[in-house]
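Below you'll find the structure, written out as structure tokens, and then a few comments.
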């Protein structure tokens, strides 16, 4: 028993590549090197900018929901870069491996599709949508913060802890080869003896605990911290989707936590949950995983629906068509999502009537989703359209998502599903749902709320180039997979025997490169915008003639969001204020504001959790135990701390707010049609008909 | 150091003490009854299982009512929404899982 | 929900927010904390529900060649365990009353102490039972899928009890240190909810695991 558990020299990726040189190993070592250099580069950059103190006090220890939201999104962008490169690598391998083994070893290829899926779901999609909700929702309901700021930061850092484990697997040892769903018995100790599955277990466990806590936080915030007059039916639709998502997070993460715990007990302590023999039953795992997995799909998609609702109404200059039907549809989808999980394993062997029941339930979800699509279309009809990047992404979503929805209805039929189960048709379908239905929504959200967070717009030209590349890339990469899937091509294949598929594979490869180009141009857009931030500045804080409360405060908003908590009388609260000519008028009185103090406890908990997961993965028991005790020790010590907030005096609030109002009143009013030009001052023309 | 401050509060305290006692006594009776079924063999087979299940559900209701003070008429609306929604989700998850897994088991035999 | 319904709903205190009018933490600040804890409890309850469904699936076909429920269970132990937990719940209820009505630190601490001791008694019995199962009765969790699920379900409940006891000890220390300040009061209220909720899980365990187990 060594001090480092089962971790040895030859587990380090660089040593491994040195010992058995091959293209596959060289790529793995290159990825490990990129992770190390990336971390070092970030550290050097922060040092060069002299920003360690700002980073520590302003960000890493901050409990401000806006900072936490931005950090979530940064995490998502880092992780999407890795997972998208992995996707490109897989497509290149596949196109090169027709009647040929290609250049990636089977083990390496299997790790790639596992990390790609795990990262995209747990460390790209989840942090992205959590970040957007974190940033936007409290502002939209007129709250100063989330209900539990400390727990909010703990959720973030637990997720980061999981992401650290994912990155560590690039350097130490290797990752699971069992796919993102990690079905046993393949992932059990007898078939996957290495550390890969353990990395998966602990990374996913940290992320899922973080999501449960986030769900509680979002739900309680929406229930308890709405501004006076902000009834549930006065809330912007994005907040409704956030509420639905939080409910799903609260109730759907538990089955995943149980499933990963059971898999861990099987692997570490020889329990017999999913083994072959001794009464083990892997079907229980499939059932548990999708009890979580299906609501998870709606966790991913609903926030994007919320974003699209905001985009269509804002950039059409019209109130949302069918608000109540959209709310009802959102809530129906949330509840129905708990009734369809079996459609992920129609072929497991249960009776036909069970398949039929779940197939029908699945098709039912198409109804509320269809309602939404019509509502969005009708919102745009006869609107005063401003073709911003956000609206372009949203429009592409509308068309593309319907295609994905239709293939979903096809798959919901158990008879058809038997034919295309585990084929590329399925892969095409869920990418067709998640790329437009999640990623485009989150990118649109960044386009819309970036000016709120940083005070300047994003460059429209690069935004459009990016939208074009994402769109073209998506169609080129995934439409061929529908065809191949119908032709019998299975998913997760490293190489192919049938030369007829080569043209499709080539198209998919080019599509994958275009998607990578989409990400690159998106990052380019950030860079160009930062460089041109003077020309893009929107100091007024309302660049899009916004309809909801967040546009009525400064950009970036003060730590306390609103100098005076707004009184709300209707939907589209800020539009109403503007129409009444009451925007930017000074309040009569100010009050002291109590805000939480920064603390390093959440960061410590996240890092200790990562250490605990690393210790468990490598059987370094002392590390795991110490880290575990450290986590709970930190929680207990924190409970003995009583001075956890500080007061911002009313005079200080008044000074800041009055100065801002003074500045805004001096700005020229921007007509809607000039919203995408440098003339946009961030103060929208007032008094237009709503 | 400060007990009830007025007659109204005296009444409230009495009510709360009584609730605790009622809960404890009912829970005790139901527990004993449930354990009595296998101990005495009074009921057998399906009837015994149904009896045990019924007593279990009753006792859970008793705990919710008297220890957790959940009251369908008097509780906070949010609490009720939350608990009832949880009951719905738990029913869907447990009921669905048992339906699926028992069926799979039958077909494997 | 309309505006008026919304205010009506908020007039009532959340379940478990036990304090007299004009005392204790500001209801506006306390309500989200208590409600948030309820939401957490429901997530936890779903976790147990999932464990129960695993258990049910394992009882029906996961027993392998290892001993089954009818061979292993002796109802005397769970019966005594149930009585102990009931008594602990009663003590916890008394502690809540002491908190609400007396502001008497000594009496509160005494009831909290009794709650703790009864919890400890339960754990000792359960641990003895576990050791006996694993050694004398040849029924460790590794013996079959059903036993794995039994140990996981009971173990998760036991861990909750143990965690609750550590929490209770921390709160007691804070009562001694600071007296009945608002944050400590809120912690006692949340602990009470947690403790009563664990009882409900236990009732489900004796019903589904023990009583069904010896019956079928």
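The values are calculated or read from the model by the stated rules, or taken from the named source; none is laboratory data. From a predicted model like this one, the values you see are computed outputs, not experimental measurements. Methodologically, a virtual Cβ is constructed for each residue, glycine included, from the backbone with ideal geometry; neighbour enumeration extends over all protein chains shown.
Does residue C:121 satisfy the condition of being surrounded by fewer than 21 Cβ atoms within 10 Å (Cβ to Cβ) and more than 7 Å from every other protein chain (Cβ to nearest Cβ)?
Values: surrounded by fewer than 21 Cβ atoms within 10 Å (Cβ to Cβ): yes; more than 7 Å from every other protein chain (Cβ to nearest Cβ): yes.
Yes: the conditions hold for residue C:121.
What about residue A:47, is it without any contact (Cβ under 8 Å) to a residue 12 or more places away in the chain, in a helix (DSSP H, G or I) and closer than 22 Å to residue A:156 by Cβ?
Details: without any contact (Cβ under 8 Å) to a residue 12 or more places away in the chain: yes; in a helix (DSSP H, G or I): yes; closer than 22 Å to residue A:156 by Cβ: no.
For residue A:47, the condition - without any contact (Cβ under 8 Å) to a residue 12 or more places away in the chain, in a helix (DSSP H, G or I) and closer than 22 Å to residue A:156 by Cβ - is not met.
Count, please, the residues in the stretch C:151-168 that happen to be closer than 19 Å to residue C:124 by Cβ, within 11 Å of chain A (Cβ to nearest Cβ) and either surrounded by 19 or more Cβ atoms within 10 Å (Cβ to Cβ) or modelled with pLDDT under 95 (or both).
1
Taking the stretch B:1-41 as the search range and keeping residues that are exposed (fewer than 15 other Cβ atoms within 10 Å of the Cβ) and touching a helix residue (DSSP H, G or I) at 6+ places or on another chain (Cβ under 7 Å), which one is modelled with the lowest pLDDT?
Only one residue tops the list, namely B:3.
Which residues, counting only those in the stretch B:1-36, are within 7 Å of chain C (Cβ to nearest Cβ) and over 16 Å from residue C:19 (Cβ atoms)?
Across the stretch B:1-36, the qualifying residues are B:17, B:20, B:24, B:27, B:28, B:31, B:34, B:35.
Under 9 Å between Cβ atoms, which residue pairs at least 6 apart in sequence (or on different chains) link something in the stretch C:76-100 that is at positive phi with a partner that is modelled with pLDDT under 95?
Short answer, once both residue conditions are applied: none.
Which of the residues spanning the stretch C:124-142 are more than 14 Å from every other protein chain (Cβ to nearest Cβ), part of a helix (DSSP H, G or I) and either touching a helix residue (DSSP H, G or I) at 6+ places or on another chain (Cβ under 7 Å) or closer than 23 Å to residue C:179 by Cβ (or both)?
C:125, C:126, C:129, C:133
What number of residues within the stretch A:370-385 satisfy the criterion of being in contact with a helix residue (DSSP H, G or I) (Cβ under 6 Å, 6 or more places away or on another chain) and assigned to a helix (DSSP H, G or I)?
Counting residues in the stretch A:370-385 that are in contact with a helix residue (DSSP H, G or I) (Cβ under 6 Å, 6 or more places away or on another chain) and assigned to a helix (DSSP H, G or I) gives 6.
Considering each residue of the stretch C:54-70, count those that are assigned to a helix (DSSP H, G or I) and facing chain A (nearest Cβ under 8 Å), and give that number.
Pass one, the stretch C:54-70, residues assigned to a helix (DSSP H, G or I): C:54-59, C:69-70.
Now restrict to residues that are facing chain A (nearest Cβ under 8 Å): C:54, C:57-58.
Of the residues in that region, 3 qualify.
So residue C:208 ticks every box in (1) modelled with pLDDT of 95 or more; (2) not in a helix (DSSP H, G or I) but one. Which box is left unticked?
Just one mismatch for residue C:208, condition (2).
Before we move on, is residue A:241 out of contact with any strand residue (DSSP E or B) (no Cβ under 9 Å at 6 or more places or on another chain), in contact (Cβ under 8 Å) with a residue 40 or more places away in the chain and facing chain C (nearest Cβ under 7 Å)?
Taking the combined requirement at face value, the residue does not satisfy it.
List the number of the failed condition for residue A:687; all other conditions in (1) at pLDDT below 95; (2) in contact with a helix residue (DSSP H, G or I) (Cβ under 6 Å, 6 or more places away or on another chain) hold.
(2)
Does residue C:174 satisfy being under 25 Å from residue C:18 (Cβ atoms), within 13 Å of chain A (Cβ to nearest Cβ) and in a helix (DSSP H, G or I)? Lay out the reasoning, then the answer.
On the way: under 25 Å from residue C:18 (Cβ atoms): yes; within 13 Å of chain A (Cβ to nearest Cβ): yes; in a helix (DSSP H, G or I): yes.
Taking the combined requirement at face value, the residue satisfies it.
Yes or no, residue by residue, for (1) touching a helix residue (DSSP H, G or I) at 6+ places or on another chain (Cβ under 9 Å); (2) part of a loop (DSSP other than H, G, I, E, B); (3) closer than 21 Å to residue C:167 by Cβ:
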site: A:584; (1), (2), (3): yes, yes, no
site: A:604; (1), (2), (3): yes, no, yes
site: A:615; (1), (2), (3): yes, no, no
site: A:624; (1), (2), (3): yes, no, no
site: A:627; (1), (2), (3): yes, no, yes
site: A:631; (1), (2), (3): yes, no, yes
site: A:654; (1), (2), (3): no, no, no
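For the stretch C:139-150, does any single residue satisfy the condition of being surrounded by fewer than 21 Cβ atoms within 10 Å (Cβ to Cβ) and in contact (Cβ under 8 Å) with a residue 24 or more places away in the chain?
Here is the first cut: in the stretch C:139-150, the ones surrounded by fewer than 21 Cβ atoms within 10 Å (Cβ to Cβ) are C:140, C:142.
Retained after the next criterion (residues that are in contact (Cβ under 8 Å) with a residue 24 or more places away in the chain): none.
Among the residues of the stretch C:139-150, not one is surrounded by fewer than 21 Cβ atoms within 10 Å (Cβ to Cβ) and in contact (Cβ under 8 Å) with a residue 24 or more places away in the chain, which makes the answer no.
Within 14 Å of chain C (Cβ to nearest Cβ) and closer than 24 Å to residue A:166 by Cβ, is that true of residue A:640?
Values: within 14 Å of chain C (Cβ to nearest Cβ): yes; closer than 24 Å to residue A:166 by Cβ: no.
In short, no.
Residue under question is residue C:145, and the condition is that it be facing chain A (nearest Cβ under 10 Å) and more than 14 Å from the chain's Cα centre (by Cα); does it hold? Working first, answer last.
Numbers: facing chain A (nearest Cβ under 10 Å): yes; more than 14 Å from the chain's Cα centre (by Cα): yes.
Here the answer is yes, as residue C:145 does meet what is asked.
Can you pull out every residue in the stretch A:248-257 that is buried (at least 24 other Cβ atoms within 10 Å of the Cβ) and at the interface with another protein chain (Cβ under 8 Å from one of its Cβ atoms)?
Let us first name the residues in the stretch A:248-257 that are buried (at least 24 other Cβ atoms within 10 Å of the Cβ), namely A:248-256.
If the condition is that a residue be buried (at least 24 other Cβ atoms within 10 Å of the Cβ) and at the interface with another protein chain (Cβ under 8 Å from one of its Cβ atoms), then A:250, A:251, A:253, A:254, A:255 are the ones that fit.
For residues that are more than 8 Å from chain C (Cβ to nearest Cβ) and in contact with a helix residue (DSSP H, G or I) (Cβ under 7 Å, 6 or more places away or on another chain), tally how many sit in the stretch B:43-63.
4
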